[in-house]
Amino acid sequence: MKKIHVAAEKPYDVLLEAGSFGAAGKYIQPYCKNGYAAIVTDDTVDGFYGGMLEEALSREGIRTVKFVIPHGESSKNAETYVTLLEFLAENRLTRQDLMIALGGGVVGDLAGFAAATFLRGIPYMQIPTTLLAMVDSSVGGKTAIDLRAGKNLAGAFYQPAAVICDPDLLHTLPEAYQADGVAEVIKYGVLGSASLFTHLQEKGTAFDRTAVIGECIAMKSDIVQRDERDIGVRQLLNFGHTIGHAIEKNSRYAVSHGRAVAIGMVLMAKSAARAGLCGEEVATEIAEVCRIFGLPTATEYTAESLYDAMLSDKKRTGDTVTLVVPETIGKCRLHPISVPGLLPFLKQGME
Ligand code: NAD
Ligand code: GLY
């Protein structure tokens, strides 16, 4: 069992081991002394793993209730959020009880936000079931729902009590969703690990799941403990996300998060190259590795429509948007740009 410690304001461990889900009850029990937990999951994940988790918890004497959302980004909204809060209230969860988010980034973000706000905060654990959630969303305490105006516009920083990460759960994850997670792994490679990037280039879909997940979690943990509140170095984790969120919003979430981020990384690298901030080969390499995993590298949306959506992004402060630009594969930096300068910057990467 690999334990990755996240020294956030409220510290916790990520337990990483293939097969650990089978012993989930044993790992969860110390965090659930009151013997009562609410499981939040989606309908697909519930079909595979919901019953197993309920049984594992029951064996430890933990009573459970379960809230199941329809799968997909469209569940990460205000209506589902309020319904979940009402469910927790009806089932009389208290601050001594536990919430368990079992699923991908959608379940984790929604359940985490509900845990942050129900009774002004109840403890929760993350059991990520997608590659994206394992390498990124289950760690770091960013929780959120989408609003009509854009992605993740209501949320909280709220760290989990622990994360149980079992790469074996990926055996049931369809290839397209695996690729969404790879987009975030590519992101980690570009922003901080050329060797991780090379591993993906060389191994393709046969990359070493457990080792790669471990490296990404360790990178994320390091960044989060240096900047939990996203005011400095943590913003590097947004590489590809400002354009990516705009694509997701414009497509009404028909384009998945991972795919939108892949396009966002390629377009951002192209714009950065045209602006003389990195070499053209950086954009070429990112696009090539995306193609290996069947990830898209271009969008039908115009620069103007993306620019419009980007103005409601969280990363805008007044008249400035902080972009993340690559310098080389393995190094990115923050690049504040004025709102009027954003459209021409974006356009040059899309010509
Ligand atoms: P998702 O949660 O929608 O999961 C993708 C699909 O896979 C769903 O249909 C789900 O039912 C299915 N699934 C999940 N696990 C499965 C399994 N083991 N076997 C079979 N099917 C399974 O999508 P995602 O890509 O995990 O997460 C995307 C979300 O994460 C977005 O909302 C994004 O904004 C968010 N995100 C958050 C952070 C953060 O730091 N909080 C970081 C990155 C992304
Ligand atoms: N996924 C971006 C972050 O956690 O900061």
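The values are calculated or read from the model by the stated rules, or taken from the named source; none is laboratory data. Remember, it's a predicted structure, so these values are computed and weren't measured experimentally. Quick reminder, even Gly has a Cβ in these numbers, built from the backbone with ideal geometry, and neighbours come from all protein chains shown. Surface areas here come from the heavy atoms of the whole protein model, side chains and all, with no ligands, DNA or RNA. Shrake-Rupley method; radii C 1.70, N 1.55, O 1.52, S 1.80 Å.
Things worth noting here:
- Just one of the listed residues (D222, D227) is within 12 Å of ligand 2 (Cβ to nearest atom), free of Cβ contacts under 8 Å to residues at least 24 places away in the same chain and not hydroxyl-bearing (S, T, Y), and it is D227.
- Scanning the range 156-175 for any residue that is buried (at least 18 other Cβ atoms within 10 Å of the Cβ), modelled with pLDDT under 95 and touching a strand residue (DSSP E or B) at 6+ places or on another chain (Cβ under 7 Å) turns up nothing.
- Considering the range 105-125, and only residues there that are open to solvent by 10 Å² or more (accessible area, probe 1.4 Å) and small (G, A, S), the residue that is farthest from G47 (Cα to Cα) turns out to be G121.
- Within the range 122-129, at least one residue is more than 10 Å from the chain's Cα centre (by Cα), in a strand (DSSP E or B), within 24 Å of L16 (Cα to Cα) and of a type in the set (F, W, Y).
- Qualifying residue in the range 155-165 (condition: hydroxyl-bearing (S, T, Y), under 15 Å from the mean Cα position of the chain (by Cα), within 16 Å of ligand 2 (Cβ to nearest atom) and part of a helix (DSSP H, G or I)): no
- Residues (open to solvent by 30 Å² or more (accessible area, probe 1.4 Å) and within 15 Å of ligand 1 (Cβ to nearest atom)) located in the range 211-221: M219
- On the stretch given as the range 177-202, residues that are open to solvent by 20 Å² or more (accessible area, probe 1.4 Å) and either at pLDDT below 95 or not hydroxyl-bearing (S, T, Y) (or both) total 5.
- Subset of the range 21-76 [within 20 Å of L132 (Cβ to Cβ), open to solvent by 60 Å² or more (accessible area, probe 1.4 Å) and not hydrophobic (A, V, I, L, M, F, W, C)]: D43, T44, G47, P70, H71, S74
- Inclusion of T94 among residues that are more than 14 Å from the chain's Cα centre (by Cα) and either at pLDDT below 95 or within 26 Å of Y27 (Cβ to Cβ) (or both) is warranted.
Let's see how each residue does on (1) hydrophobic (A, V, I, L, M, F, W, C); (2) at pLDDT below 95; (3) within 16 Å of ligand 1 (Cβ to nearest atom):
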site	(1), (2), (3)
D227	no, no, yes
A262	yes, no, yes
V282	yes, no, no
E285	no, no, no
C290	yes, no, yes
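- In this structure, Y177 does not satisfy being in contact with a helix residue (DSSP H, G or I) (Cβ under 6 Å, 6 or more places away or on another chain), within 12 Å of ligand 1 (Cβ to nearest atom) and not small (G, A, S).
- Number of positions in the range 115-167 that are away from ligand 1 (no atom under 12 Å from the Cβ), without any contact (Cβ under 8 Å) to a residue 40 or more places away in the chain and either of a type in the set (A, V, I, L, M) or in contact with a Pro (Cβ under 7 Å, 6 or more places away or on another chain) (or both): 3
- Residues that are open to solvent by 60 Å² or more (accessible area, probe 1.4 Å) and closer than 19 Å to L196 by Cα within the range 317-345 comprise T328, K331, R333, listed in sequence order.
- Residues located in the range 294-337, provided they are small (G, A, S) and assigned to a loop (DSSP other than H, G, I, E, B): G294, A298, S312, G318, G330
- Flag if T80 is more than 29 Å from G258 (Cα to Cα) and in contact (Cβ under 8 Å) with a residue 12 or more places away in the chain: no
- Close contacts from the range 1-28, counting a first residue that is over 18 Å from K220 (Cα atoms) and a second that is in a strand (DSSP E or B) and of a type outside the set (A, V, I, L, M), with Cβ to Cβ under 8 Å and a gap of 6+ residues or different chains, come to S20/C165.
- When the range 126-153 is limited to residues that are within 14 Å of ligand 2 (Cβ to nearest atom) and at pLDDT below 95, the one that is surrounded by the fewest Cβ atoms within 10 Å (Cβ to Cβ) turns out to be N152.
- Top-ranked residue in the range 243-266 [being of a type outside the set (F, W, Y), open to solvent by 10 Å² or more (accessible area, probe 1.4 Å) and in contact with an Asp or Glu (Cβ under 7 Å, 6 or more places away or on another chain); ranked as farthest from ligand 2 (Cβ to nearest atom)]: V255
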